[in-house]
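Asks: One structure follows; several queries about it will come next.
The values are calculated or read from the model by the stated rules, or taken from the named source; none is laboratory data. Only a predicted model underlies this, so the values are computations on that prediction, with no experimental measurement involved. FYI the Cβ positions are ideal-geometry reconstructions off the backbone, even for glycines, and counts take in every protein chain you see.
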């Protein structure tokens, strides 16, 4: 089995694969100060809930991370508890995706994993990936599978935090699972409307402008924690795939396994 780990700024998404089937998935808060031993205990507890263990079932681990301290501890965890190195998505790792940006090393590993999965999802078509995390990223993948670039905007909770911190008379409100009417009749409903419909409009605007700069039609997929609630109110998002990044990690792992098997 394969353990795939997507470390974001706010949450870490963990998945266990058997072939191309995702058997289990869990989410945990990302804590940069966690040690390799603490991470091993966390992962071990998740695996134990599914009657799995490091030693008996897991035969590989693939990681993408935007938090360098966690990346290093995951390398140490894998070496110490699994007995082999983790495949960390970074420069030099075979992804099958050409990164056509000014500085390819600046592109987050999660965005590359998303690009790999999106190209697999929409072969032969341009693909736009909207990832709802601490930041919202909109990334473009060509019909050939090349990563072309993208845009970065504040995420839903990031925007909400900024609003509450900068206004004296607006208290924190719960982010809804479904937005109310756009025309709010009270303060809470007005804030919820502004956040949900505002982010949906932001995403639609970015997607539309990026699509206009590409040759040929584009397909649009969303992933990340708030993808479902915002996608309901987006005119551009056509599919929500909560495991898009984990799927991209699996595909990258398989491509590098094929390379090792071929002696490359």
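Asks: Consider residue 214 carefully, then state whether it is more than 26 Å from residue 66 (Cβ to Cβ) and either assigned by TED's automatic domain parsing to the domain that holds residue 11 or not in a helix (DSSP H, G or I) (or both).
Replies: No: the conditions fail for residue 214.
Asks: Of the numbered conditions (1) over 21 Å from residue 92 (Cα atoms); (2) within 10 Å of the chain's Cα centre (by Cα), residue 151 satisfies every one except a single condition; which is it?
Replies: (2)
Asks: Is the range 105-124 home to any residue that is more than 30 Å from residue 60 (Cβ to Cβ) and at pLDDT 85 or above?
Replies: No, the range 105-124 contains no residue that is more than 30 Å from residue 60 (Cβ to Cβ) and at pLDDT 85 or above.
Asks: Let me ask something else. Report whether or not residue 184 is surrounded by fewer than 20 Cβ atoms within 10 Å (Cβ to Cβ), modelled with pLDDT under 90 and touching a helix residue (DSSP H, G or I) at 6+ places or on another chain (Cβ under 8 Å).
Replies: The answer is yes for residue 184.
Asks: Still on this structure, please answer the following. Does residue 189 count as in contact (Cβ under 8 Å) with a residue 24 or more places away in the chain and under 21 Å from residue 227 (Cα atoms)?
Replies: no
Asks: For the range 67-83, name all the residues that are at pLDDT below 95 and closer than 21 Å to residue 248 by Cα.
Replies: 78
Asks: Pick from 51, 6, 37: which is surrounded by fewer than 15 Cβ atoms within 10 Å (Cβ to Cβ) and either under 14 Å from the mean Cα position of the chain (by Cα) or at pLDDT 95 or above (or both)?
Replies: From the options 51, 6, 37, the qualifying one is 37.
Asks: Kindly indicate which of 235, 209 is more than 16 Å from residue 155 (Cβ to Cβ) and touching a helix residue (DSSP H, G or I) at 6+ places or on another chain (Cβ under 8 Å).
Replies: Every option except 235 fails the conditions.
Asks: Would the range 15-22 turn up any residue that is under 14 Å from residue 71 (Cα atoms) and surrounded by fewer than 15 Cβ atoms within 10 Å (Cβ to Cβ)?
Replies: Scanning the range 15-22 turns up no residue that is under 14 Å from residue 71 (Cα atoms) and surrounded by fewer than 15 Cβ atoms within 10 Å (Cβ to Cβ).
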